[in-house]
Every structure is written in structure tokens, then in C-alpha cells.
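What follows is calculated from the coordinates using simple rules that are stated; it is not laboratory data. Remember, predicted model here, so these are calculated numbers, not experimental data. Here Cβ is always computed from backbone atoms with ideal geometry, including for glycine, and neighbour counts include all displayed protein chains.
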Amino acid sequence: MTNTKRRTFLKGTMAAGAVSAAIGVGLLTPRMVLAAWPSAAFNAESVDAALNELLGSQQMEESDKIDIRAPDIAENGAVVPVTVTTDIANPESISIIARQNASPMVASFVLGSSTEGFVSTRIKLGKTSDVVAVVKANGKLYSTSKEVKVTIGGCGG
């Protein structure tokens, strides 16, 4: 009589060990981690420059199909929770911009073809600012914004 649970456990352990060894040696590398970082967009000092570098355009259309959830007043600008959802069909990416930050591009998420239009993160705000969500879909940029008041700055303030 054989113990199938023990055999399954041993097979799984050996497979995980082999994959871990391959990653450790460098035979398997995560391709998305090694992708090019859009440093020009994140180092840009204006919203227009950041959008041009990252998305290829600065022409945005206001949309009521984008929802930003962020606090009206952030007690600490270093950690401001932001959630963006969209009902726009076929979203390609969702970017978050803080207009008053020294580097306004805060985050950008590239979405897969079967991904829902939802992202949630924490951002840093130097001072009271409009937080803008930009959704790229069907070759166009859509946006909406919300003002977040900051009592203690997160960028050294």
C-alpha cells in the first residue's frame, strides 16, 4: 500500500526546489522585472512632459467613467491611499499624477487585455494637490481628478 499524499508532497517539493535552483542560477528570469523603466516620465517636472514621455500625448478628455477614491484630507502626505476604478472598455493603462509634486508622475500600471480597470496603491504628496487619474483606452486618454488636502507633507515638508 502506498501513501499518495506523501508522494504528492515529495513531487511538489522537488519541483519547487528545481524551479528555485533555476531562478537562483539565472536560467529563469522574470521578464517584466527586467523591462525598460520609463525614467524620463517619472523624472519629468511637468504634467505635460510626463504624459508625453509615458503615454505619447497630453490631450486628455474628462470622463465620468473613472472613479478616484482618496481621502479629502490626508493627515500624512507620505502615505496617501488612492484607488482608481474605471468602466471604460478595454483599458490599457492607469496612471496617477499629483499636480503639485516636484515630479508629478506618481504611478503607472499597464493592464493586460483581460484585466479589470482597477488599481489601488499608496502615494506620496508633498502638499495639497489635485490627484489625477489618467486611463489610456482605445488609443485615447481619459481623466478625472480629486483634490487631496495634506496637513503634513510627505516629500520632506
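Mind listing the long-range amide H neighbours of ARG99? Cut-off is under 5 Å, sequence gap 5 or more, other chains count too, H placed in the peptide plane at 1.01 Å from N.
ASP130, VAL132
How far apart, in nm, are two points set 7 Å out from the Cα along the Cα-to-Cβ line at LYS124 and at THR8?
Roughly 4.7 nm, to one decimal.
Around ALA78, which amide H atoms from residues at least 5 apart in sequence, or from another chain, sit under 5 Å from its own amide H, with H modelled in the peptide plane?
Correct list: LEU125, GLY154.
If amide H atoms are built 1.01 Å from N in the plane of the peptide, which residues on other chains or at least 5 residues away come under 5 Å of the amide H of ALA107?
ILE96
What is the list of residues in the stretch 88-116 whose amide nitrogen lies under 16 Å from a point 7 angstrom out from the Cα of SER46, following Cα to Cβ?
99-105
Can you list the HN-Hα couplings for the stretch 88-101, worked out from phi with the Karplus curve (6.51, -1.76, 1.60; θ = phi - 60°), rounded to whole Hz and with x for Gly and Pro?
5, 5, 6, x, 9, 7, 10, 10, 10, 10, 10, 4, 8, 6
Each residue of the stretch 74-80 in turn: what ³J(HN,Hα) in whole Hz from Karplus with 6.51, -1.76, 1.60 and θ = phi - 60°, glycine and Pro shown as x?
9, 5, 10, x, 6, 9, 10
Kindly write out, for the stretch 56-66 in residue order, the coupling ³J(HN,Hα) from the Karplus curve 6.51 cos²θ - 1.76 cosθ + 1.60 (θ = phi - 60°), rounded to whole Hz, with x marking Gly and Pro.
With the stated coefficients, the stretch 56-66 comes to x, 7, 10, 7, 10, 10, 4, 9, 8, 8, 10 Hz.
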